[in-house]
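Structure first, commentary second.
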Amino acid sequence: MNGRIEPAVLGLILDGASLPDRQLVGGKAWSVARMQALGLPVPPAFVLTTAACREYLSNGGTLTEAMLASVRSGIAHIEATTGRKVGCSQRPLLVSVRSGAPVSMPGMMDTVLNLGINDDTELALAKETGSATFARDSHRRFCEMFARIVMRSSMQALPPDAEPVQWRQLIAQSCQREMPTDPFEQLTLAIIAIFDSWNGRRAKRYREHHGIDHAMGTAVTIQAMVFGNSDARSGTGVLFSRNPLTGEAVPYGEYLECAQGEDVVSGSHTPVPVERLRESMPDIHAELMAAAQTLERENKDVQDIEFTVERGKLYLLQSRSAKRSPAAAVRCAVDMVREGRIDEDEALRRVTSEQVRMLLRPRLAAHVDPERETVLARGEAASPGAGFGIIVEDADEAERLALAGQPVVLSRPTTSPEDVHGMFFAAAVITERGGSTSHAAVVSRQLGVPCVVGCGDGALKGLGGRTVTIDGTRGLVLAGHLDVDHPQEDADPLLRQLHEWAQARSPLQAYAVGHAPGTPGVDLESDDAAQAAPRLKGASSAIGSLLNTDEGVHLAVGAGLEFIVVKQVLPALLAACAIQGNSARGRTPANQEELNS
């Protein structure tokens with residue numbers, strides 16, 4: 001990176017007084033500032049920026065004195081706001097440390113919770129809350145996350161009945177180095193780990209798959225901890241302002257009593273519907289629903305909200321545009337136009353050609369009665385559609401077999417970011433644990449892959465190597481390769497509405513095979529992009545399998561064709577509209593993901 005970055009750009013205190021540049025602070029910190037500005041209950045926070053990340057990486061992995069000064073200033077802000085102090089034996093401050101790129105990359109990088117706890121601050125928390133159990137649980141959680149994320153330990157869990165000194169001994173044996181107990185050393189190492197995670201294998205693979213710029217870097221948001229695991233009137237959850245599976249305009253979410261956010265997102269625990277909050281804490285439920293409507297109205301998009309309840313008080317930790325299934329993307333886009341929240345051009349930007357292709361993928365045939373088939377497992381329907389293949393229990397093996405042409409179904413107890421490369425290649429994903437807001441569910445919906453979660457501990461054991469069909473609409477794992485139907489785009493009124501809007505704006509027209517107004521001038525059936533480009537010069541129309549891809553549509557638009565003939569019309573029109581819209585906004589198809597984040 002050329003030149004010095006001014007220290008003021010490296011760190012920013014978040015107070016809601018003004019909205020910072022999202023490219024500088026990342027989506028997570030931007031959402032904190034946005035919620036603060038709206039007067040919503042948010043724990044105080046500060047951010048080390050993407051500029052700090054880029055400087056850190058260009059300096060060979062070194063935190064400069066200017067960065068450390070920003071950290072000290074930010075911690076002082078949180079201490080002053082909360083009346084707590086890092087490392088203090090009375091009212092100690094613990095913080096969360098979270099990654100946050102400008103473009104949403106759910107589950108790709110790292111988070112450390114309860115940072116700042118040690119033997120002394122555990123005793124202080126126990127005395128303050130009257131619960132030694134809560135304080136010890138928070139200490140164990142921190143040790144596990146810090147060891148795994150910062151020290152790169154392969155240990156999955158620490159014995160809950162052991163003493164903290166024993167945990168640290170186990171971690172030291174696993175990592176060949178001591179675990180720090182000084183809060184500022186813990187914080188410095190956590191920041192380094194998150195900056196380093198930007199260039200980790202899973203983050204790189206995710207960016208490559210979604211065409212995200214490798215150069216942008218990640219910010220690090222440091223925020224005062226609130227504790228969903230402190231007592232029975234505490235908990236954590238995820239709420240969508242609309243159903244992310246179907247797009248139905250009703251709130252949808254999950255809640256886990258006496259837990260921390262990682263328990264829900266990781267899928268290690270199976271939560272209950274968020275409606276249970278209405279029964280146990282009706283005031284909190286009402287406040288949460290009102291906040292969701294405020295955030296959706298102000299951001300003009302479906303919101304994915306992480307929240308914590310601490311001893312009967314609601315806190316919002318993050319809000320972002322929700323990842324949704326292809327069906328939900330279509331319904332939300334059309335409904336929001338009808339509600340007057342967005343215009344038709346924005347609706348077309350929110351539905352990609354690939355999402356419509358996913359929506360038109362096969363689904364379980366109408367004549368197949370799942371209850372008459374052999375049901376191997378049942379779980380929660382987390383991403384709709386049908387997919388078949390042999391069950392594979394390892395992400396690396398799933399990738400290898402898929403690349404060899406074998407359809408696979410990835411089966412895991414619960415997925416983590418380390419499994420994402422296998423999910424890219426899977427025809428479907430199934431898990432034993434987790435709910436519809438778990439990592440497996442969120443990533444599968446984004447990929448348009450059928451997914452069934454929470455089948456039950458041990459429910460998938462022994463199924464490896466079997467050929468199955470996954471019904472992600474009903475939440476079933478069915479034996480064998482069952483018949484599927486191929487949806488027709490003109491049979492869906494929502495797709496017909498999008499077609500009407502796209503056709504009016506597309507720089508070229510697209511027709512289904514057999515419905516063209518004339519004979520296409522160029523046949524590209526056996527061409528690749530390099531061969532096609534010169535053949536399209538001077539032509540007015542074309543046909544061929546290349547045009548069923550965004551790359552082929554881009555070539556056709558660039559060549560000034562009047563019409564193309566394709567298997568699926570709406571994806572081609574959306575791809576053409578995206579080119580026209582991106583050109584007007586200075587965007588390219590590679591960063592289209594930013595529009596949906």
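What follows draws every value from the coordinates through simple rules; no lab data is involved. Note that the structure is predicted; figures quoted are calculated from it, not measured. Note that we place each Cβ from the backbone using ideal geometry, even for glycine, and neighbour counts take in every protein chain shown.
Hey, what did segment 235-321 get for relative contact order, percent, Cα under 8 Å, at least 6 apart? It comes to 31 percent, rounded to a whole number.
Taking a Cβ cut-off of under 15 Å around GLY405, the surrounding Lys, Arg, Asp and Glu residues balance to a net charge of -1, with basic ones at +1 and acidic ones at -1. Farthest towards the positive end of the charge dipole of segment 104-164, among the residues LEU113, PRO159, THR129, is the Cα of LEU113, using unit charges on the Cβ of Lys, Arg, Asp and Glu. Other residues lying with their Cβ under 15 Å from the Cβ of SER154 contribute a combined charge of +1, Lys and Arg counting +1, Asp and Glu -1.
Per-residue 3J(HN,Hα) values for segment 483-500, derived from phi via the Karplus relation 6.51 cos²θ - 1.76 cosθ + 1.60 with θ = phi - 60°, read 5, 10, 9, 10, x, 9, 5, 7, 8, 9, x, 5, 5, 5, 5, 4, 4, 4 Hz in sequence order (x marks Gly and Pro). Note on ARG233 and THR81: the extension gain reaches 52.3 nm, defined as 0.36 nm multiplied by sequence separation minus the Cα-Cα distance.
So which GluC sites (Glu not before Pro) in segment 495-553 are both in a DSSP loop and have at most 11 other Cβ atoms within 10 Å of their Cβ? Within segment 495-553, the qualifying GluC sites (Glu not before Pro) (loop, at most 11 other Cβ atoms within 10 Å) are GLU525. With contacts taken as Cα pairs under 8 Å and at least 6 residues apart, the chain reaches a relative contact order of 11 percent.
Derived scalar couplings between HN and Hα for segment 382-389 equal 10, 8, x, x, 10, x, 10, x Hz in order, rounded to whole Hz, by the Karplus curve 6.51 cos²θ - 1.76 cosθ + 1.60 (θ = phi - 60°), x for Gly and Pro. Mean sequence separation of contacting Cα pairs (under 8 Å, at least six apart), scaled by the length of segment 363-485, corresponds to a relative contact order of 37 percent.
How about segment 247-314: which trypsin sites (Lys or Arg not before Pro) there lie in a loop by DSSP and see at most 13 other Cβ atoms within 10 Å? Counting only loop positions with at most 13 other Cβ atoms within 10 Å, the trypsin sites (Lys or Arg not before Pro) in segment 247-314 are LYS300, ARG311.
Around the amide H of ALA259, modelled in the peptide plane, lie the amide H atoms of ASN229, GLY235, THR236, all under 5 Å away and 5 or more residues distant in sequence or on another chain. Per-residue ellipticity at 222 nm from helix content only, as computed over the chain with -39500 (n - 2.57) for each DSSP H run of at least four residues, stands at -11500 deg cm²/dmol. Of the trypsin sites (Lys or Arg not before Pro) found in segment 381-465, those that fall in a DSSP loop while having at most 13 other beta-carbon atoms within 10 Å are LYS461.
With a ≥ b ≥ c the root eigenvalues of the C-alpha gyration tensor of segment 363-485, is it rounded (a/c under 1.5), prolate (a/b larger than b/c) or oblate?
rounded
Charge tally for LEU68 (other residues, Cβ to Cβ under 15 Å; Lys, Arg +1; Asp, Glu -1): -3.
Under 5 Å from the amide H of LEU376 lie the amide H atoms of VAL477, LEU478, ALA479, each residue being 5 or more positions distant or on a separate chain, with H modelled from the backbone and absent for Pro and chain starts. Charging the Cβ of each Asp and Glu at -1 and of each Lys and Arg at +1, and nothing else, the dipole of the chain about its Cα centre rounds to 600 debye. Placing unit charges on the Cβ atoms of the charged side chains and taking the dipole of the chain about its Cα centre, the candidate lying farthest along the positive direction among THR352, LEU495, ILE470 is THR352. Among the lysines of the chain, pairs at least eight places apart or on separate chains and with Cα atoms under 28 Å apart come to 14. Summarising the strand pairing of the chain, around 75 percent of its internal DSSP beta bridges are antiparallel. The charge dipole of segment 238-391, taken about its Cα centre with unit charges on the Cβ of Lys, Arg, Asp and Glu (plus for the first two, minus for the last two), comes to roughly 400 debye. For the pair ARG278 and ALA404, label points projected 7 Å from Cα toward Cβ lie 5.1 nm apart.
Compared with the direct C-alpha span, the chain from GLN488 to GLN531 gains 12.4 nm at full extension, assuming 0.36 nm per residue. Extension gain for the segment ARG177 to THR133, taken as residue separation times 0.36 nm less the Cα-Cα distance, is 13.1 nm to one decimal.
3J(HN,Hα) along segment 502-516: 5, 4, 6, 10, 5, x, 9, 9, 10, 10, 6, 4, x, 10, 6 Hz, from the Karplus curve 6.51 cos²θ - 1.76 cosθ + 1.60 with θ = phi - 60°, whole Hz, x for Gly and Pro.
Of the residues CYS175, ILE192, HIS209, the one whose Cα sits farthest toward the positive end of the charge dipole of segment 175-233, with +1 on the Cβ of Lys and Arg and -1 on the Cβ of Asp and Glu, is HIS209.
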